[in-house]
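Peer 1: So that we are looking at the same thing, I have put the structure below in structure tokens.
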Amino acid sequence: MTVDRGLAPGEEAPVPWWQEAVFYQVYPRSFADSDGDGVGDLAGIRSRLADLAWLGVDALWISPFFRSPMADYGYDVSDYCDVDPLFGNLAEFDALVADAHALGMRVVIDWVPNHTSDQHPWFVDARSSRHSAHRSWYVWRDPRPDGSPPNNWVSAFDLSAPAWTFDEATGQWYLHMFEPAQPDLDWDEPAVVDAMHETLRFWLDRGVDGFRADVVHGIGKDPALPDDPPDTAGVPHCALNDVPVTHERLGAIRTLLDAYPGERMMVGEVFLMSTETVATYYGHDDELHLAFNFPPLFAPWLADRWRDCIRTTLDALGPRGAWPTWVLSNHDNPRHRTRYDLAAARAGEDPATTVRRSERRARAAAVLLLTLRGTPFVYQGDELGLTDADVPADRVVDPGGRDGCRAPIPWDGTPDHGWPTREGAGPWLPFPPDADARNRAAELEDPSSMLHHYRGTIALRRGCPPLVRGTFDLVDTSDGVLGYRRAVGSDAVEVLINFGGAPVDAGRPSAVGADLLLTSDGVEVTGSFTGVLGPDQAVVIRG
Ligand code: TEU
């Protein structure tokens with residue numbers, strides 16, 4: 001992937017910060033609580049910035065903290081330009097950004113352009129009458145002759161429910177790809193485009209480094225609102241929506257961002273499962289700077305499947321000069337460690353074996369995430385090796401069944417794990433399993449912990465140009481092993497990952513004797529590679 005930037009021979013192209021950065025996703029409700037109400041907040045995040053700088057991450061993506069009735073825990077925004085009192089206020093946000101910048105970390109915030117809350121004043125006005133000033137800001141349609149919704153689209157969290165809600169008072173249906181409390185904006189209305197651009201400027205002027213744009217491929221919809229094809233029955237419309245006008249709209253957003261100094265960026269959540277299609281949302285370096293790519297988030301822990309994911313990604317993005325992203329976990333899906341363990345159980349692995357392998361697999365996955373070509377996103381708590389919380393039925397709160405991965409971060413081994421709540425009721429969700437032992441304070445004390453493994457791998461990456469921006473080539477290995485070579489000129493490293501639970505000859509005779517730079521199991525890293533990988537072991541060696 002060589003882009004001609006008109007440089008002198010031997011001169012290295014400057015790389016935008018977001019290509020070199022390790023991002024860390026903060027889900028504010030569950031990160032850290034400063035005021036004892038059991039819900040995390042901005043001051044809580046601010047109090048932990050030094051810990052994140054110590055970990056070595058370069059940028060934070062903070063999930064929504066805007067005013068919201070919390071029907072979807074902040075992804076239902078009722079004021080884009082204010083902080084919900086639950087999380088603090090604008091002054092605390094400014095202080096958070098200033099402190100993060102002083103520590104050398106960028107701050108990227110979530111922007112939710114596809115829908116607002118039904119409590120947003122725009123929608124309150126829109127539904128007040130067919131003739132209201134904001135009626136055209138949302139997608140309203142008459143019922144079909146039999147009274148049914150305008151088309152067959154289904155919503156994201158309840159696949160048996162239409163993506164439409166009938167408004168009795170005004171006699172029309174409104175569109176919502178998610179909850180009824182999240183009406184979709186109509187970006188065909190120029191006033192919506194202007195108003196949403198204003199919300200970007202509001203935060204850019206406050207100094208944010210960029211945005212993670214929620215379901216951003218939804219800002220264009222086919223104006224005819226045709227039925228989804230019958231063979232996609234049961235697939236939410238948000239996983240299918242892909243129309244040309246969205247690209248124009250992203251181009252305008254890119255122009256807006258690029259007009260600001262300081263390389264402001266946008267990483268889009270394009271929730272489409274075809275990586276080839278997702279690639280089109282980068283445009284030709286004139287739409288999204290980055291887009292999430294979800295097949296790896298759902299990929300099982302198998303060497304062949306990962307090889308396919310990597311090939312597909314690099315083949316789809318490479319020709320456009322588009323920079324990949326890698327995600328193993330986020331706030332919408334079971335953590336990868338939980339997914340891999342559940343898949344092993346389903347495949348008949350003995351539970352005692354799973355206990356032994358679980359930590360090793362998660363450690364190898366960290367090496368994979370942090371050494372692929374592209375920008376890695378670490379989800380809060382993955383650096384502690386957390387698994388999902390068991391959430392009893394009477395504590396389930398999320399309409400999308402995603403509470404387990406949103407469990408609060410256990411900061412220490414005290415009974416409240418760093419979440420002293422005023423009424424002693426504890427945080428809004430239960431803690432992940434084993435929080436007495438698996439918490440930040442305990443892992444900080446233990447040099448062999450997952451926390452130190454993440455820190456060490458991030459540090460290795462930072463000091464190793466081939467891992468940050470080098471070329472990428474898959475290499476031949478034995479079965480069950482994934483191997484790749486990263487290089488900048490003659491400076492090269494090789495990454496080898498054993499996806500199996502038994503020692504294996506990696507099938508890389510040429511690598512025998514190479515200097516070991518990192519082993520995922522934390523075993524002595526001085527010395528040279530013997531050619532054999534331990535069970536579930538990843539190694540980085542000099543190429
Ligand atoms: O997610 C969009 C999305 O498509 C996923 O929620 C997907 O439907 C889900 O992972 C399937 O399990 C974004 C946010 O990340 C999510 O938290 C919000 O609930 C959603 O948009 C609506 O804003």
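The values are calculated or read from the model by the stated rules, or taken from the named source; none is laboratory data. Bear in mind the structure is a predicted one, so any value in this text is a computation, not a measurement. No Cβ is skipped: glycine too gets one built from the backbone with ideal geometry, and neighbour counts run over all protein chains shown. Just so you know, the surface numbers come from the protein's heavy atoms only, side chains and all, with ligands and any DNA or RNA stripped out. Shrake-Rupley method; radii C 1.70, N 1.55, O 1.52, S 1.80 Å.
Peer 1: Which residues' amide hydrogens lie under 5 Å from the amide hydrogen of Ala492, considering only partners 5 or more residues apart or on another chain, with H built in the peptide plane?
Peer 2: Amide H to amide H, under 5 Å and 5 or more residues apart or across chains, Ala492 pairs with Gly543.
Peer 1: Order the peptides 490-501, 198-209, 341-352 from the highest to the lowest mean number of other Cβ atoms within 10 Å of their residues.
Peer 2: Those peptides, ordered most packed to least, come out 490-501, 198-209, 341-352.
Peer 1: Can you pull the Kirkwood radius for segment 34-189, inverse mean 1/r over Cα pairs, to one decimal in Å?
Peer 2: Hydrodynamic radius (Kirkwood, Cα only) of segment 34-189 equals 17.5 Å.
Peer 1: Relative to the Cα centre, what is the charge dipole magnitude of segment 277-320, using +1 at the beta carbon of each Lys and Arg, -1 at the beta carbon of each Asp and Glu, and rounding to the nearest 20 debye?
Peer 2: On the way: 4 positive and 6 negative charges, 44 e Å.
Here the size comes out at about 220 debye.
Peer 1: I'd like the Karplus ³J(HN,Hα) series for segment 534-543: coefficients 6.51, -1.76, 1.60, θ = phi - 60°, whole numbers in Hz, and an x wherever there's a Gly or Pro.
Peer 2: x, x, 6, 9, 10, 10, 10, 10, 5, x
Peer 1: First measure r as the distance between the Cβ atoms of Ala95 and Thr353, then evaluate 1/(1 + (r/R0)^6) with R0 = 45 Å and state the FRET efficiency to the nearest 0.05.
Peer 2: 0.40
Peer 1: Consider all pairwise Cα distances in segment 136-259 and report the whole-number % of them above 25 Å.
Peer 2: Details: 2258 of 7626 pairs.
Considering segment 136-259, 30 percent of its Cα-Cα pairs are separated by more than 25 Å.
Peer 1: Right, another one. Per residue, what volume in Å³ does the Cα convex hull of segment 244-354 take up?
Peer 2: 120
Peer 1: Still on this structure, I have one more. What ranking do 179-187, 251-259, 77-85 get when scored by the average of other Cβ atoms within 10 Å per residue, highest first?
Peer 2: Per-residue mean Cβ counts within 10 Å order the peptides as 179-187, 77-85, 251-259.
Peer 1: Between Ala53 and Val488, how many nm apart are label points set 7 Å from Cα along the C-beta direction?
Peer 2: The modelled label-to-label distance comes out at 2.4 nm.
Peer 1: Placing unit charges on C-beta atoms (Lys and Arg positive, Asp and Glu negative, everything else neutral), compute the dipole magnitude of the chain about its Cα centre in debye, rounded to 20.
Peer 2: Its charge dipole is roughly 1220 debye.
Peer 1: Taking Cα atoms, how many degrees apart are the long axis of helix 303-317 and the longest axis of the chain, rounded to 10 and kept between 0 and 90?
Peer 2: Here the helix axis deviates by roughly 60 degrees.
Peer 1: Whenever you get a sec, compute what percent of the accessible area on segment 117-168 sits on carbon and sulfur atoms (1.4 Å probe).
Peer 2: Carbon with sulfur: 54 percent of the solvent-accessible area.
Peer 1: Over the alpha carbons of segment 114-165, what is the largest minus smallest coordinate on each principal axis, giving the biggest first in Å?
Peer 2: Here the spans come out as 31, 27, 14 Å, largest first.
Peer 1: A further question on this structure: When the expected Rg is taken as 2.2 N^0.38 Å, what fraction or multiple of it is the alpha-carbon Rg of segment 327-427?
Peer 2: That ratio works out to 1.20.
Peer 1: Report, by chain and number, residues whose modeled amide H sits under 5 Å from the one on Phe211, excluding near sequence neighbours (fewer than 5 apart, same chain).
Peer 2: The list, which skips near neighbours in sequence, is Ile109, Met265, Met266, Val267.
Peer 1: For Met70, which sequence-distant residues (separation of 5 or more, or a different chain) have an amide H within less than 5 Å of its own amide H, given hydrogens modelled in the peptide plane?
Peer 2: Under 5 Å from the amide H of Met70: Asp76.
Peer 1: Hey, can you rank 20-28, 463-471 by average C-beta count inside 10 Å, highest first?
Peer 2: Numbers: 20-28: 22.2, 463-471: 17.7.
Put in order of decreasing packing, that is 20-28, 463-471.
Peer 1: Additional query: Rounded to two decimals, what is Rg over Rh for the chain when you use alpha-carbon atoms and the Kirkwood radius?
Peer 2: Details: Rg = 23.7 Å, Rh = 24.5 Å.
Taking Rh as the inverse mean 1/r over Cα pairs, Rg/Rh reads 0.97.
Peer 1: For the chain, what is the accessible area per residue in Å² when the probe is 1.4 Å?
Peer 2: Accessible surface, normalised per residue, equals 38 Å².
Peer 1: Something else now. To the nearest 0.05, what FRET efficiency results for Glu276 and Ala459 with a Förster distance of 35 Å applied to their C-beta separation?
Peer 2: 0.50
Peer 1: Return the carbon/sulfur percentage of the accessible area of segment 342-464, one whole number, probe 1.4 Å, all protein chains in place.
Peer 2: Ligands and nucleic acids excluded, carbon and sulfur give 54 percent.
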